[in-house]
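A quick write-up on the structure given underneath.
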Amino acid sequence: MLDIPVTTVEQGVSDAEVAAANAQPGTTPPKRFGFFFWCCLGWLALIALVAIFAGMLHLDPPNAPYYTPIAVNAPPSFAHWLGTDDSSRDVLSRLVYGARVSLVIGLLGTAIGIGIGGSLGMFSAYVRGKIDAGLSFVMYIFLAFPAIIAVLCILEFWGHTESHIVVILGLFSVPFIYRVTRAATLACATKEYVTAARSQGATARRVLAKDIFPNVIPALIAYTVFTFGGIITTEGALGFLGQSVQIPISSWGNMIGEASGDLNATLVFILAPASALFLTLVALNYAGEQIRLRFDTSEQKL
Amino acid sequence: MSTSAPDTAVAPDAGTERPTSGELLEVTDLRTTIRTPRGPLVAVDGVSLRLKRGETLGIVGESGSGKTVLSRSIMGLLPGRGTMLTGSVRFDGQELVGAPESLLRSIWGPRIAMVFQDPMTSLNPVHRIGRQIAETLRLHLKLSKKLANQSAVTLLAQVGIPSPELRARNYPVELSGGMRQRVMIAIALACGPELLLADEPTTGLDVTIQAQILDLLAEAQRMRHMAMIFVTHDLGIVATRTDQIMVMYAGRAVEFAPTHQLFANVRMPYTEALLHSTPRMGNPSHTRLAAIDGRPPDLVSRPPGCSFAARCPYAQDKCREESPMLVADAAEPDHFYACWYPRGTSTPVHPQGAPSDA
Amino acid sequence: MTRYLSQRFAALFAILVLISVGCFYLVHLLPGNPAASILGVTATPQTIAALDRQLGLDKPIYEQYFIWLGHILHGNLGIATPSRVPVTTIIGQSYKLDVELIVISQFIAFLIAIPLSVYAARRPGGFLDQATTSTSFALFCLPSFIIVLWVVNLFTIHWHTFPGPGTNPFPTGGSWLSNIGTNLYVMILPSLVLAIGSIAIYFRLLRSEMVFTLQEEFITVARSKGLTTNRILWRHAVRPSSITMLTSAGNNIALLITGLFIVEVKFALPGLGSELIGAIYANDYLTIQGIALVAAITVVVVNFAIDMILPLVDPRIARA
Ligand SMILES: Nc1ncnc2c1ncn2[C@@H]1O[C@H](COP(=O)(O)OP(=O)(O)O)[C@@H](O)[C@H]1O
Ligand code: SF4
Ligand SMILES: [Mg+2]
């Protein structure tokens, strides 16, 4: 037995009419974000606050060794909640300051990606025609190109600074955001009110700003969140390969990479940054998915 | 039309003795409740009907009146979760409501088949049409692949598809709407069903094609002694092609009569309204019957009284308070209607409380 | 159909040209001078200029491009600088290894993702659906570099089920059968790590498409023909639902390369990733260029192949 909702296919018009007739205003229960969604936001808020106010937490300096020979690879203790690493640095402190690096790279990279990819996507879908085809083709090539190769080369030759990582990861997220924004814009640009606005001679900028942008925002928010997660993951991978910010500066990725290469490291050193990263990615992806589902009418009926 | 090709390659019923007359289908108080976010929706509300072998019943009603849900409920073709079916459907003496899916599967295809409304969405887009026909033949009649394919070609020829050998290798995208509906009919007819449910089989097609499909169905029915339930929103279509007509409104049967009696003496105001809004033959069928003002009631929270009261020009206070029962006409015992103040000629006889104050 | 094919071929050609230009330029974008790095510390302006002339680096850039393209088309990727070995020799073995890793991992991914999504979609919201959906979501959020640590620790260090990092996947000396056996034994674990991310992606896509397809009218028609549920799921619903998954498999290859590099490093496998990192450290421009070129072409060709397969899977594709 296939357990799927009953569907009867009607002629388009009549179905909408029937649905409208049956949908008494106000009686449909509004779709709410569930408990887990708020947990995710809570976690994100927590790590954001911790990263912002890291300086006020009275932690040991994250990058300076603690110069006590006994503290090398020390297990968790009251003084060092997560222990110390092979250079006697406080792991909790490195985790907190690492959050700063990961989050800042994620945030700024996303800003670049959304800024460029989002506006190009909307523009492309709005003008259609040759420009659209050309842009889409270029983006398609970038999507096909294994970004990691270019990223590794460029970082090696430019230097592994935070700003380079931000710019490069941001730029390489452009094609992805371009594609989804373009699709979302196309979907709403064909709606009646937009066509009407265009036919009444509204300027392109006005139509984009007044009619299209507000309707693309929900999709854009969701994909902003996904991109954020994607960039943090990529930064983590680079860090793991030792190709992100350089030791002694910590990011979650390079902490995992460093600890996994050190046979004396205890499990906590891997587990702590790995869990932080995993929970953050769960929070981002879940929240993004909920936002997308909530605003995407085409999937709501599933 | 080239549909008169003899039934040679596909004569599944040739060997088996099959009665050509007698009671085939008996539906009693069928009720279908669909779970929706707003609560249970009673899409079919206590419908009863009978059908003899070889006869045709027309089910007519506006869009949303429950025709599709009714025809699928009769077949048992509803998802298990989310819908509840009560009442009884006896098909050739066998109860289908609550029957295990395996029994239903052995009936679907060889004994009851359905032609669906929208030919553009009802064929599998990734299978060749020949295969879609042959599939049932292989499953139910245990034909070999080769024989099933040959029979599929014969069936395509019977439903009037030119160069059927070539067409059998086409995908649905390569066919027009009318052609696809013929393929759909060929699929339904493949195993020689005793009952064919046709759910608005011509609604999406243009008028000339519509007439051809109707003729095709009529001819197939006559040659195979097949009973048919013909669902439509267009009274004009069923006027000449059915033995009985059931008019549905808001999930209920509101008028039920032999075809000639219904047209001679319409009793129910809703039927009357349907008749007035029926496009004349020859008008494009796409003109929707929007002529009846207002909307059908909310089936989740049905107002008390007659469902049609909000739109009925003859409605009185009683209509809004008490629901009229389906009762037999005094003069024509085969003619049933549900209305307190019926149109037409003869005096209504209501079991409880005749309209003395009318 | 012809239109679809010719469009795809034109696109393939254009992309290959652009990629070759990109890879050609990559080397020119990088700082430093190839001739200088070939000659090393002994370089003098005279010897550099001489070598430039010898390498054709004094010619106009477009001319250099066509000369380079001519070499590429003859399978000549140049000579790697520090080792003086042809780049094709260096890349050849690692490329074979990476292709094998990707092929096995994608095979595993489809083998697991397809049945799971088919049965999960059968009852949306049911137990199996919820369990698989949340598991795949968790796996989706687990970066490959965390998965790889787990897997290596559990299977090689803790349980010794599989050979640890550094085992040679291409043994010589045994019979060909035992060599293949050893090879698979070494490759299965890294492939599995690589597969996990893909499983999560393919599951999500196929499941949601399946749920959608199962609501289509033609599925009801299939039921009305009396077909069994399994037949409907596998014969009628999977194919029309699989287009998004297949397309994403193409896009996924580009993303998979990041995971591939991580797996190579962690399992100490001599693949393109290890070569690339080595070449970057050694300023070995031609090897970097060769790897970028080979990887990009592979991604493009895989995508093209998928584009060719799509109309066979769903005949609606070629007509859109
Ligand atoms: N899957 C469903 N979920 C909720 N309501 C449904 C569903 N299918 C049908 N209905 C409702 O059942 C009623 C009857 O629909 P239907 O049988 O399709 O009407 P008809 O075929 O006469 O146009 C309508 O009010 C419709 O909204
Ligand atoms: S019972 Fe009343 S409202 Fe209903 S159809 Fe008859 S006259 Fe109209
Ligand atoms: Mg209907």
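Would you mention how many residues in the stretch B:160-178 are within 13 Å of another protein chain (Cβ to nearest Cβ) and assigned to a helix (DSSP H, G or I)? Working first, answer last.
Initial filter on the stretch B:160-178 (within 13 Å of another protein chain (Cβ to nearest Cβ)): B:169-175, B:177.
From the residues that got through so far, the ones that are assigned to a helix (DSSP H, G or I) too are B:172-174, B:177.
So the count comes out to 4.
Can you name every residue in the stretch B:302-331 that is within 16 Å of ligand 1 (Cβ to nearest atom) and of a type in the set (S, T, N, Q)? It would help to see each step written out before you state the result.
In the first step, residues of the stretch B:302-331 are kept if they are within 16 Å of ligand 1 (Cβ to nearest atom); the result is B:302-303, B:307-308, B:310-311.
Listed by number, the list holds a single entry, B:Ser307.
Identify, please: which residue in the stretch B:36-60 is open to solvent by 70 Å² or more (accessible area, probe 1.4 Å) and touching a strand residue (DSSP E or B) at 6+ places or on another chain (Cβ under 7 Å) and is, among those, nearest to the other protein chains (Cβ to nearest Cβ)?
B:Pro40
Of everything in the stretch A:138-167 that's surrounded by fewer than 18 Cβ atoms within 10 Å (Cβ to Cβ) and in contact (Cβ under 8 Å) with a residue 40 or more places away in the chain, which residue is nearest to the other protein chains (Cβ to nearest Cβ)?
The qualifying residue nearest to the other protein chains (Cβ to nearest Cβ) is A:His160.
Test B:Leu78 against the stated conditions and say whether it is within 13 Å of ligand 1 (Cβ to nearest atom), within 14 Å of chain A (Cβ to nearest Cβ) and at pLDDT 95 or above.
Numbers: within 13 Å of ligand 1 (Cβ to nearest atom): yes; within 14 Å of chain A (Cβ to nearest Cβ): yes; at pLDDT 95 or above: no.
For B:Leu78, the condition - within 13 Å of ligand 1 (Cβ to nearest atom), within 14 Å of chain A (Cβ to nearest Cβ) and at pLDDT 95 or above - is not met.
Condition check: within 14 Å of chain C (Cβ to nearest Cβ), within 24 Å of A:Arg205 (Cα to Cα) and either touching a Leu at 6+ places or on another chain (Cβ under 6 Å) or assigned to a helix (DSSP H, G or I) (or both). Does A:Gly115 satisfy that? Lay out the reasoning, then the answer.
Values: within 14 Å of chain C (Cβ to nearest Cβ): no; within 24 Å of A:Arg205 (Cα to Cα): yes; either touching a Leu at 6+ places or on another chain (Cβ under 6 Å) or assigned to a helix (DSSP H, G or I) (or both): yes.
Spelling it out, it is not the case that A:Gly115 is within 14 Å of chain C (Cβ to nearest Cβ), within 24 Å of A:Arg205 (Cα to Cα) and either touching a Leu at 6+ places or on another chain (Cβ under 6 Å) or assigned to a helix (DSSP H, G or I) (or both).
Which pairs turn up if I take residues in the stretch B:179-206 that are within 14 Å of chain A (Cβ to nearest Cβ) and look for partners that are within 16 Å of ligand 1 (Cβ to nearest atom) and assigned to a helix (DSSP H, G or I) with beta carbon separation below 6 Å, at least 6 apart in sequence or on another chain?
So the pair list comes out as B:Leu197/B:Ser71; B:Asp199/B:Thr68; B:Asp199/B:Ser71.
What pairs come out if I take residues in the stretch A:22-44 that are modelled with pLDDT under 50 and pair them with residues that are more than 16 Å from ligand 3 (Cβ to nearest atom) and of a type outside the set (Val, Ile, Thr) whose C-beta lies under 7 Å away, six or more apart or interchain?
Hits for this filter: A:Asn22/B:Asp298; A:Gln24/B:Asp298; A:Thr27/B:Arg38; A:Thr28/B:Pro37; A:Thr28/B:Arg38; A:Pro29/B:Pro37.
Pick from B:Phe230, B:Phe256: which is out of contact with any helix residue (DSSP H, G or I) (no Cβ under 7 Å at 6 or more places or on another chain), under 14 Å from B:Thr56 (Cα atoms) and not hydroxyl-bearing (Ser, Thr, Tyr)?
B:Phe256
Among the residues in the stretch B:130-138, are any out of contact with any Ser or Thr (no Cβ under 6 Å at 6 or more places or on another chain), open to solvent by 50 Å² or more (accessible area, probe 1.4 Å) and assigned to a loop (DSSP other than H, G, I, E, B)? It would help to see each step written out before you state the result.
Pass one, the stretch B:130-138, residues out of contact with any Ser or Thr (no Cβ under 6 Å at 6 or more places or on another chain): B:130-136, B:138.
When the remaining residues are screened for being open to solvent by 50 Å² or more (accessible area, probe 1.4 Å), the result is B:131, B:138.
Within this subset, residues satisfying the condition of being assigned to a loop (DSSP other than H, G, I, E, B) are none.
Scanning the stretch B:130-138 turns up no residue that is out of contact with any Ser or Thr (no Cβ under 6 Å at 6 or more places or on another chain), open to solvent by 50 Å² or more (accessible area, probe 1.4 Å) and assigned to a loop (DSSP other than H, G, I, E, B).
Just one of the numbered conditions (1) within 16 Å of ligand 3 (Cβ to nearest atom); (2) touching an Asp or Glu at 6+ places or on another chain (Cβ under 6 Å) is not true of B:Gly192; which one?
It fails just one condition, (1).
One line per residue, one yes/no per condition, for (1) away from ligand 1 (no atom under 16 Å from the Cβ); (2) closer than 20 Å to B:Glu23 by Cα; (3) not in a strand (DSSP E or B):
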{"residue": "B:Ser73", "(1), (2), (3)": "no, yes, yes"}
{"residue": "B:Ser88", "(1), (2), (3)": "yes, yes, no"}
{"residue": "B:Gly98", "(1), (2), (3)": "yes, no, yes"}
{"residue": "B:Ser102", "(1), (2), (3)": "yes, no, yes"}
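Check A:Gly236 against each of (1) surrounded by fewer than 21 Cβ atoms within 10 Å (Cβ to Cβ); (2) part of a helix (DSSP H, G or I) and name the one condition it does not meet.
In the conditions (1) surrounded by fewer than 21 Cβ atoms within 10 Å (Cβ to Cβ); (2) part of a helix (DSSP H, G or I), A:Gly236 misses (1) alone.
Find all pairs meeting these conditions: Cβ atoms under 8 angstrom apart; at least six residues apart or on different chains; first residue within the stretch B:316-333 and at pLDDT below 90 and within 16 Å of ligand 3 (Cβ to nearest atom); second residue among the hydroxyl-bearing types (Ser, Thr, Tyr) and open to solvent by 50 Å² or more (accessible area, probe 1.4 Å).
none
Take the conditions within 11 Å of chain A (Cβ to nearest Cβ) and assigned to a helix (DSSP H, G or I) and apply them to C:Leu246. Does it pass? Steps first, answer last, please.
Details: within 11 Å of chain A (Cβ to nearest Cβ): no; assigned to a helix (DSSP H, G or I): yes.
Here the answer is no, as C:Leu246 does not meet what is asked.
Quick one: is B:Val97 under 18 Å from B:Glu194 (Cβ atoms), more than 8 Å from chain C (Cβ to nearest Cβ) and in contact with a Gly (Cβ under 8 Å, 6 or more places away or on another chain)? Spell out the reasoning first.
Numbers: under 18 Å from B:Glu194 (Cβ atoms): no; more than 8 Å from chain C (Cβ to nearest Cβ): yes; in contact with a Gly (Cβ under 8 Å, 6 or more places away or on another chain): yes.
Considered against the rule, which asks whether it is under 18 Å from B:Glu194 (Cβ atoms), more than 8 Å from chain C (Cβ to nearest Cβ) and in contact with a Gly (Cβ under 8 Å, 6 or more places away or on another chain), B:Val97 comes out as no.
Could you tell me which numbered condition C:Tyr285 fails, if it satisfies all but one of (1) at pLDDT 90 or above; (2) more than 30 Å from B:Asn170 (Cα to Cα)?
Of the numbered conditions (1) at pLDDT 90 or above; (2) more than 30 Å from B:Asn170 (Cα to Cα), the odd one out for C:Tyr285 is (1).
For the stretch B:208-262, which residues satisfy the criterion of being surrounded by fewer than 18 Cβ atoms within 10 Å (Cβ to Cβ) and part of a loop (DSSP other than H, G, I, E, B)?
B:His225, B:Thr240, B:Arg241, B:Asp243
Is the stretch B:225-236 home to any residue that is touching an Asp or Glu at 6+ places or on another chain (Cβ under 7 Å) and either over 25 Å from B:Ala264 (Cα atoms) or without any contact (Cβ under 8 Å) to a residue 40 or more places away in the chain (or both)? Walk me through how you get there before you give the answer.
Here is the first cut: in the stretch B:225-236, the ones touching an Asp or Glu at 6+ places or on another chain (Cβ under 7 Å) are B:226-227, B:231-233.
Right, trim to either over 25 Å from B:Ala264 (Cα atoms) or without any contact (Cβ under 8 Å) to a residue 40 or more places away in the chain (or both) and you get B:226.
Yes, the stretch B:225-236 has at least one match.
Could you say whether any residue in the stretch A:268-275 is closer than 30 Å to C:Asn153 by Cβ, touching a Pro at 6+ places or on another chain (Cβ under 8 Å) and modelled with pLDDT of 85 or more?
no
Does any residue of the stretch C:154-174 turn out to be in the same structural domain as C:Ala249 (by TED's automatic domain parsing), surrounded by 19 or more Cβ atoms within 10 Å (Cβ to Cβ) and farther than 30 Å from A:Phe228 by Cα?
First pass over the stretch C:154-174, keeping only residues in the same structural domain as C:Ala249 (by TED's automatic domain parsing): C:154-174.
So of that shortlist, the ones also surrounded by 19 or more Cβ atoms within 10 Å (Cβ to Cβ) come out as C:162, C:169.
Going one step further and asking which of them are farther than 30 Å from A:Phe228 by Cα, we end up with C:162, C:169.
There is at least one residue in the stretch C:154-174 that is in the same structural domain as C:Ala249 (by TED's automatic domain parsing), surrounded by 19 or more Cβ atoms within 10 Å (Cβ to Cβ) and farther than 30 Å from A:Phe228 by Cα.
Taking the conditions exactly as written (open to solvent by 20 Å² or more (accessible area, probe 1.4 Å), within 16 Å of ligand 3 (Cβ to nearest atom) and in contact with a helix residue (DSSP H, G or I) (Cβ under 9 Å, 6 or more places away or on another chain)), does B:Ser106 satisfy them or not? It would help to see each step written out before you state the result.
On the way: open to solvent by 20 Å² or more (accessible area, probe 1.4 Å): yes; within 16 Å of ligand 3 (Cβ to nearest atom): no; in contact with a helix residue (DSSP H, G or I) (Cβ under 9 Å, 6 or more places away or on another chain): yes.
Here the answer is no, as B:Ser106 does not meet what is asked.
Looking at this structure, is B:Arg222 basic (Lys, Arg) and touching a Pro at 6+ places or on another chain (Cβ under 9 Å)? Show your work before the answer.
Details: basic (Lys, Arg): yes; touching a Pro at 6+ places or on another chain (Cβ under 9 Å): no.
In short, no.
Can you work out which of the residues in the stretch C:226-242 that are over 33 Å from the mean Cα position of the chain (by Cα) and open to solvent by less than 10 Å² (accessible area, probe 1.4 Å) is farthest from the other protein chains (Cβ to nearest Cβ)?
That would be C:Leu227.
Can you pull out every residue in the stretch A:113-137 that is in contact (Cβ under 8 Å) with a residue 60 or more places away in the chain and within 24 Å of A:Leu44 (Cα to Cα)?
Matches in the stretch A:113-137: A:Gly113, A:Ile114, A:Gly118.
Is there a residue in the stretch C:183-190 that is farther than 18 Å from C:Glu100 by Cβ, at pLDDT below 95 and surrounded by fewer than 21 Cβ atoms within 10 Å (Cβ to Cβ)? Explain how you work it out, then say what you get.
Here is the first cut: in the stretch C:183-190, the ones farther than 18 Å from C:Glu100 by Cβ are none.
No: the stretch C:183-190 contains no residue that is farther than 18 Å from C:Glu100 by Cβ, at pLDDT below 95 and surrounded by fewer than 21 Cβ atoms within 10 Å (Cβ to Cβ).
Quick one: would you say A:Phe157 is in a helix (DSSP H, G or I), of a type in the set (Phe, Trp, Tyr) and in contact with a Phe, Trp or Tyr (Cβ under 9 Å, 6 or more places away or on another chain)? Quick ask: steps written out before the conclusion?
Values: in a helix (DSSP H, G or I): yes; of a type in the set (Phe, Trp, Tyr): yes; in contact with a Phe, Trp or Tyr (Cβ under 9 Å, 6 or more places away or on another chain): no.
No.
Among the residues of the stretch B:272-307, which ones are more than 14 Å from every other protein chain (Cβ to nearest Cβ) and at pLDDT 80 or above?
B:Glu272, B:Ala273, B:Leu274, B:Leu275, B:His276, B:Pro304, B:Gly305, B:Cys306
The values are calculated or read from the model by the stated rules, or taken from the named source; none is laboratory data. Computed from a prediction, not measured in an experiment: that's the story for all the values here. So basically every Cβ, Gly included, is an ideal-geometry build from the backbone, and we count neighbours across all protein chains shown. SASA here: full protein model, heavy atoms, side chains in, ligands and nucleic acids out. Shrake-Rupley method; radii C 1.70, N 1.55, O 1.52, S 1.80 Å.
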